[in-house]
Amino acid sequence: MPRPRRTFTREFKLQAVKRVTDQGYSYAEAARQLGVRENQIRTWKKLLHAELSGAASGGGTRPTLDAELHRLRVENKRLLLEHDILKKAAAFFARECT
């Protein structure tokens, strides 16, 4: 049985990134101390950098774009299901008429 996926708080991620950037730890040292993989800390650093650069450049519309994308994906999934149901219903009634 697979292990449950671990989740980390934003503060934990920030502290992990600070160990590498501010305190001079290597990714391997910080990861070993915190019990995570090196690539996780690298990813968190990239995301934090992107988040900070987006906020500094006035890119505050990102959350609204993400929310819109999520809404459209949910709507698309619903419409595809409706389409499949109607297609099956049409085939069913076409067989009954003949």
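Net charge near Gln15: determine it from the other residues with C-beta under 13 Å of the C-beta of Gln15, scoring Lys and Arg +1 and Asp and Glu -1. Around Gln15, the charge tally is +3. Each of Thr21, Val36, Leu48 was scored by the projection of its Cα onto the charge dipole of segment 7-59, and the greatest displacement toward the positive side belongs to Val36; charges sit on the C-beta of Lys, Arg, Asp and Glu.
Quick one: in the chain, what % of C-alpha pairs are over 21 Å apart?
Details: 2915 of 4753 pairs.
So the portion of pairs separated by more than 21 Å is 61 percent.
Packing order of peptides 31-39, 87-95, 3-11, 15-23, highest average first: 15-23, 31-39, 87-95, 3-11 (average count of other Cβ atoms within 10 Å over each peptide's residues). Restricting attention to the chain, the count of lysine pairs at 8 or more positions apart or across chains with alpha carbons under 19 Å apart stands at 6.
What FRET efficiency would be calculated for the residue pair Ala50, Leu79, taking the C-beta separation as r and a Förster radius of 25 Å, to the nearest 0.05?
Details: r = 32 Å, r/R0 = 1.27.
Plugging the Cβ-Cβ distance into 1/(1 + (r/R0)^6) gives 0.20.
Read the figures in this text as sums done on the coordinates, not as results from a lab. Predicted model only: the values in this text are computed from it and were never measured. Heads up, the Cβs are rebuilt from the backbone with ideal geometry, glycines too, and the neighbour counts pull from every protein chain shown.
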